[in-house]
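A short write-up of the structure that comes next.
The values are calculated or read from the model by the stated rules, or taken from the named source; none is laboratory data. All of these numbers come straight from a predicted model, not from anything done at the bench. All Cβ positions, glycine included, derive from the backbone under ideal geometry; neighbour counts span all protein chains shown.
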């Protein structure tokens, strides 16, 4: 009986430690994950291009002002060329006050990027009018089945397209890629999508997409060592880890900065991603 009680006490203490760790330690950490992205078709003038990718703030659920300050400072410390945000800015279960909106807008405005800042919508982004105002006032370009062409100092174009939320039923890769109906002058193409499982539709329609950046999965908000993600949301059932090589396309998925539904993280810290595009030779 004593042995049983000791074992029970041990597991009870272990559960308490894990819960404390997942509730108070992991959510307050911030990591930067750096990736080297080989880019054979990239123009030499873009070699070393730095893209910062952050996602899934779910602002107001667990992100307070001090956490947001830390995130913005970390992004600017990298001195990025391009910044992208892949959806779920404000958690759907919370209604921001005017003060919240002003603070969030001003902090996003502080982000510096040499060539531009881009955002897309996620499944939590219901108040489209509000979000459009926030992004416009913070100098982010909101891409909803649309694109932008970036030009560097040598006037070399770079394509970046962004999809509307898949969960809303409005995502349309053909509209996003409409530039290429009449043009084929851009050799490196980036697509932003919130829900990563839609990548199959993207690459089945266009086999020349070089880089897809997504969010939504949080890489599995709760992870168990060896086992991996315990749960991922709809539209992130097939692709949810941080990286996949899909034919000629690199798919990277952000672990996100906030959380949704379950108010804790386990073995999966909030993070931002830094991609360094490296010009490499085209395989023969």
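Tabulated results
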item: Members of the range 218-269 found to be outside any loop (DSSP other than H, G, I, E, B), touching a helix residue (DSSP H, G or I) at 6+ places or on another chain (Cβ under 7 Å) and at pLDDT 85 or above, listed by number; result: 246, 249, 251, 253
item: Residue 125 touching a helix residue (DSSP H, G or I) at 6+ places or on another chain (Cβ under 9 Å) and at pLDDT below 95; result: yes
item: Residue match in the range 192-205 (condition: assigned to a strand (DSSP E or B), within 13 Å of the chain's Cα centre (by Cα), at pLDDT 90 or above and surrounded by fewer than 23 Cβ atoms within 10 Å (Cβ to Cβ)); result: no
item: Among the residues listed as 120, 72, 141, 78, the single one being more than 30 Å from residue 180 (Cβ to Cβ) and within 16 Å of the chain's Cα centre (by Cα); result: 72
item: Checking residue 71 against (1) farther than 30 Å from residue 187 by Cβ; (2) loosely packed, with under 15 Cβ neighbours inside 10 Å, the condition it does not meet; result: (2)
item: Single residue of 149, 156 found to be touching a residue at least 12 places away in the same chain (Cβ under 8 Å), surrounded by fewer than 20 Cβ atoms within 10 Å (Cβ to Cβ), over 23 Å from residue 258 (Cβ atoms) and touching a helix residue (DSSP H, G or I) at 6+ places or on another chain (Cβ under 6 Å); result: 156
item: Pick from the range 159-188, criterion free of Cβ contacts under 8 Å to residues at least 12 places away in the same chain and part of a loop (DSSP other than H, G, I, E, B), ranking: farthest from the chain's Cα centre (by Cα); result: 182
